[in-house]
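Below is one structure, written out as structure tokens, with a few remarks after it.
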Amino acid sequence: MPIRTRATDEARRLWQRIATDIGDQLRTARRVSGLTMMQVGAVIGVSESEVSRRELGKSPRLTGEKLAVHGAAVGLRLSVKLWPVGGGVRDAA
């Protein structure tokens, strides 16, 4: 019998992959800019540890606005798009 995955569970797994990719982009841009994590943190108002968590895709407090500001500090511009895939949440009854 095939295992069914819930759309919300799949969305969480997808976000983790995206967060890791975004972190890689933030790290690469920071290094290309010749900045340290401490310098980026000072500019955007977070600790060096938080910059590291974001670059690793492990920041639980990362919002779209914070991501846009962090990206701008290292020369990146945020772009987000959602698209319909059908379905959605339905009543369990």
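The values are calculated or read from the model by the stated rules, or taken from the named source; none is laboratory data. Remember, predicted model here, so these are calculated numbers, not experimental data. Cβ sites come from the backbone with ideal geometry, for glycine too, and all protein chains shown count toward neighbours. Note: areas computed on protein heavy atoms with side chains; ligands, DNA, RNA excluded. Shrake-Rupley method; radii C 1.70, N 1.55, O 1.52, S 1.80 Å.
Applying the set (1) open to solvent by 40 Å² or more (accessible area, probe 1.4 Å); (2) part of a loop (DSSP other than H, G, I, E, B); (3) closer than 25 Å to THR8 by Cα to LEU76 leaves exactly one unmet item: (3). One residue stands out among those in the stretch 33-51 that are in contact with a helix residue (DSSP H, G or I) (Cβ under 6 Å, 6 or more places away or on another chain) and not hydrophobic (A, V, I, L, M, F, W, C): the one that is least open to solvent (accessible area, probe 1.4 Å), which is GLY41.
Please verify whether ARG30 is under 10 Å from the mean Cα position of the chain (by Cα), in a helix (DSSP H, G or I), modelled with pLDDT of 95 or more and surrounded by 12 or more Cβ atoms within 10 Å (Cβ to Cβ), treating the condition exactly as stated. It is false that ARG30 is under 10 Å from the mean Cα position of the chain (by Cα), in a helix (DSSP H, G or I), modelled with pLDDT of 95 or more and surrounded by 12 or more Cβ atoms within 10 Å (Cβ to Cβ). The numbered conditions (1) surrounded by 10 or more Cβ atoms within 10 Å (Cβ to Cβ); (2) part of a helix (DSSP H, G or I) are all true for GLU65 except (1). Here the condition is being at pLDDT below 95, among the small types (Gly, Ala, Ser) and within 27 Å of ASP9 (Cα to Cα); of GLY57, GLY86, it holds for GLY86 alone.
Given the criteria open to solvent by 60 Å² or more (accessible area, probe 1.4 Å) and part of a loop (DSSP other than H, G, I, E, B), does LEU14 qualify? Against the criterion (open to solvent by 60 Å² or more (accessible area, probe 1.4 Å) and part of a loop (DSSP other than H, G, I, E, B)), LEU14 does not qualify.
Pairs linking a residue in the stretch 41-56 that is β-branched (Val, Ile, Thr) to a residue that is open to solvent by 60 Å² or more (accessible area, probe 1.4 Å), with Cβ atoms under 6 Å and 6 or more positions apart or on different chains, are ILE44/VAL69.
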